[in-house]
Amino acid sequence: MPKKLQLAVLALATISFQTANAATVEVLPAKQTLQPTLQPTLPAIPVAQNRSPSNTYEKLPDFPEKLKVPAGNALILKTPAKGVQIYVCQPTANDSSKLEWTLKAPEATLLNETGAVIGKHYGGPTWEHQDGSKVVGEVKERVDSPDASAIPLLLLSAKSNQGNGLFSKVTYLQRVNTKGGKAPNTGCDSSKTNSTIRVDYTADYYYYSAQ
């Protein structure tokens, strides 16, 4: 093949190769900023807000009619309690020749709904909050517990209050859901005069203040 023809063929082949490769090259922009893929927005989960004490327990149990708190009072706290009822063997109020187990005082811890101790209950009867406030109660009504071995259910009014904390505002209390704590029917005789026994009990206390 003549030399000039060889050079022409070679030039044609080079142009064809460049054209073919140019068709496959994708020109990219100098720089691109990648945008994040947006996901559908889910409804926000409401965060529990602190409510006023009177709204802490919106639905009360179905208490016996005699134990219901007068209108104008709102629930501010409920405390489960665990402890003992302390009894002393002594003559009855109506007949000094007879002896019986007579309530001396309760002794219990007051708990919150998670089981943490937030106060105590003792003679008076007195309820003392961990903030230092106290309320002394006076029994207004009592109803036998459905459990024959348990102490009665009570409605009490505040006889006195102390301090500036939560219990300083209490006007009424209820003792409900009692288990145990009842004095035995036997064991108190002349040989046991002035001796004491401690009977385990649990109960729930509800506290109210004026609206």
Task: Computed E for Asp95/Val117 - FRET, C-beta separation, R0 41 angstrom, nearest 0.05 - done: 0.50
Open item on the list: Please state the shape class of region 110-211: rounded when a/c is under 1.5, otherwise prolate if a/b exceeds b/c and oblate if not, all from the C-alpha gyration tensor.
Closed with: prolate
Open item on the list: Going 7 Å from the Cα of Glu107 along its beta-carbon direction, which residues of region 115-141 have the amide nitrogen within less than 14 Å of the resulting point?
Closed with: 121-124
TODO: Can you send over the carbon and sulfur percentage of the accessible area for region 95-154, probe radius 1.4 Å, protein chains only?
DONE: 50 percent
Open item on the list: If you filter region 82-120 for GluC sites (Glu not before Pro), then keep DSSP loop positions with at most 13 other Cβ within 10 Å, what is left?
Closed with: Glu113
Open item on the list: Please list Leu173, Leu60, Leu77 from largest to smallest accessible area, probe radius 1.4 Å, with all protein chains kept in place.
Closed with: Leu60, Leu77, Leu173
- [ ] Provide the per residue accessible area, probe 1.4 Å, for region 99-144, rounded to a whole number of square angstrom.
- [x] 54 Å²
- [ ] Would you pull out the residues with amide H under 5 Å of Lys182's amide H, same chain only if 5 or more places away, H placed 1.01 Å from N?
- [x] Ile151
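The values are calculated or read from the model by the stated rules, or taken from the named source; none is laboratory data. Quick caveat: nothing in here was measured; it's all calculated off a predicted structure. Cβ coordinates were reconstructed from backbone atoms using ideal geometry, including for glycine residues, and neighbour counts include every protein chain displayed. For accessibility, only protein heavy atoms count, side chains too; no ligands or nucleic acids. Shrake-Rupley method; radii C 1.70, N 1.55, O 1.52, S 1.80 Å.
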